[in-house]
Structures are given as structure tokens and as C-alpha cells.
Amino acid sequence: MAKELTVPEKLQQLYNLQMIDSKLDEIKIMKGELPMEVQDLEDDIAGLSTRINKIKDSLDEINQEISNHTANIKESEALIEKYSKQLDNVKNNREFDALNKEVEMQKLEIQLSEKKMREANNLKENKEDSLSRFTEKLTTREGDLKRKKEELSTILGKTEKEEEKLLKKSATARKGIEERLLKAYDKTRRTYRNGLAVATLTRESCGGCFNKIPPQVQIE
């Protein structure tokens, strides 16, 4: 049967865990907001890339539409030329009126295609402006991401092994502590910004309890 730990021994366990976790907190502070900044930049870049691809797809469709209108105009012009030649050889008024009607219809087709081409070219210009802006923004974000990753990589290179070692120590230290005390410890660490759940005491603040605290905890 495992020996029941005394209160000072339990305090010592929590204090030892606090020292390990405080060192882990220092490493997190050293990293700062870099991991989150890197993630935010990656998300931003992914969003910009998606938007740029959509604009490119839209430009392809607009270019195809312009190409179709250009082909329609050429076709109408060819028909007008054909009908105009046929007008020289008409045999009656009905045939003359029919050919003239076809010429007028093709002229209207040309006007309509030209109108749609102007609209498509205006839309194309706006899309190209947007593409230029987003591409420039993407280039800036990619540069920012590269710098942030280099900063983070430098920090991780210095702290990765130490952090891994401390995480193992923290896990080992937790195994010997009562679950009830661990829950209270974790809750307290989450509550305070400095992450301290176990604080050291001075003679003045402790009063008569000083001799009950293990020597390792007695600072000052």
C-alpha cells in the first residue's frame, strides 16, 4: 500500500510541477504570437490564392465571350457583304426587301455584339485591376510569412529540445500528484495570466506556518 504523503510533501510536488510548467511558459512567451501569426498568414494566403484563381477563371470566360462576339461580328460582316452583292442581281421587289431586311438584321447583330464586347471589356478591365491588387497583396503576405517562419524556426531551433524534455518532466511529475490537486492546480493556472498556481511565501506573509513548508519552497 502506497504511503500517504504529508501536506508539505504534496506542496513540494506541486511546487516542482510549477517550476517545470513555468519554464514551459517562458518558452511560450519567447515564441510570442508567432505560431498564431504564421497560421493567420497561411490562412490569408490560401484565401487570396483562391480569390486569384477565381478571377483568372472569370477572365478566361470573359476572353472567350469577347472572342465569340468578335467571331459573330466577322460572320455578320461577311453576310452583309454577301447580301449586298445579291442586291445587284435581284429580280423583284419582294426579293429586294428580303435581302435588305437581312442586311439590317446583321447590322443590328453587329451593334449588339459590339455593345456586349464593350461591357465585357469593361468587366475585364475591372477584373484585371482586382487581379493586380490581390496578386500584389499575395506577394506581400508570402514575404511576411517567409520572415515569420524564419523567426519561428530560429526560436524552435533553440527551444525545441528543451521544451520536449520539460514536457516529459511535466507529464512524469503529474503522475505522482492527486487528481483533485491537479484539477485545482490547472484551474488556478488558467485563471491567472502569469500561470502561477503555487506561490512562494515570505516570513511576513506566512506567519506561523513557515516551518510547515518544505525547505525547497521557502524562498526569502
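The values are calculated or read from the model by the stated rules, or taken from the named source; none is laboratory data. Keep in mind that this is a model prediction, so the values were computed, not measured. Ideal geometry is used to build each Cβ from the backbone, glycine not excepted, and the neighbour counts take in all protein chains shown. SASA here: full protein model, heavy atoms, side chains in, ligands and nucleic acids out. Shrake-Rupley method; radii C 1.70, N 1.55, O 1.52, S 1.80 Å.
Worth a mention:
- Matching entry among Leu156, Leu152 (being assigned to a helix (DSSP H, G or I), out of contact with any Leu (no Cβ under 8 Å at 6 or more places or on another chain) and not charged (D, E, K, R)): Leu156
- For Glu4: the one exception among (1) surrounded by fewer than 13 Cβ atoms within 10 Å (Cβ to Cβ); (2) assigned to a helix (DSSP H, G or I): (2)
- The set of residues in segment 86-106 that are closer than 30 Å to Leu123 by Cα and open to solvent by 90 Å² or more (accessible area, probe 1.4 Å) comprises Glu104, Met105.
- Segment 50-85, residues that are more than 50 Å from the chain's Cα centre (by Cα) and either exposed (fewer than 15 other Cβ atoms within 10 Å of the Cβ) or closer than 30 Å to Phe134 by Cβ (or both): Glu77, Ala78, Glu81, Lys82, Ser84, Lys85
- Unique match (being open to solvent by 80 Å² or more (accessible area, probe 1.4 Å), more than 27 Å from the chain's Cα centre (by Cα) and without any contact (Cβ under 8 Å) to a residue 40 or more places away in the chain) among Arg180, Arg147, Arg133: Arg180
- Segment 12-45: number of residues that are open to solvent by less than 50 Å² (accessible area, probe 1.4 Å) and free of Cβ contacts under 8 Å to residues at least 12 places away in the same chain: 1
- Residues that are open to solvent by 90 Å² or more (accessible area, probe 1.4 Å) and basic (Lys, Arg) within segment 150-177 comprise Lys158, Lys161, Lys165, Lys168, Lys169, Lys175, listed in sequence order.
- Which listed residue, of Leu17, Leu34, Leu48, is modelled with pLDDT of 90 or more and more than 30 Å from Glu178 (Cα to Cα): Leu48
- Residues that are open to solvent by 100 Å² or more (accessible area, probe 1.4 Å) and either in a helix (DSSP H, G or I) or of a type in the set (Asp, Glu) (or both), drawn from segment 183-193: Lys183, Lys187, Arg190
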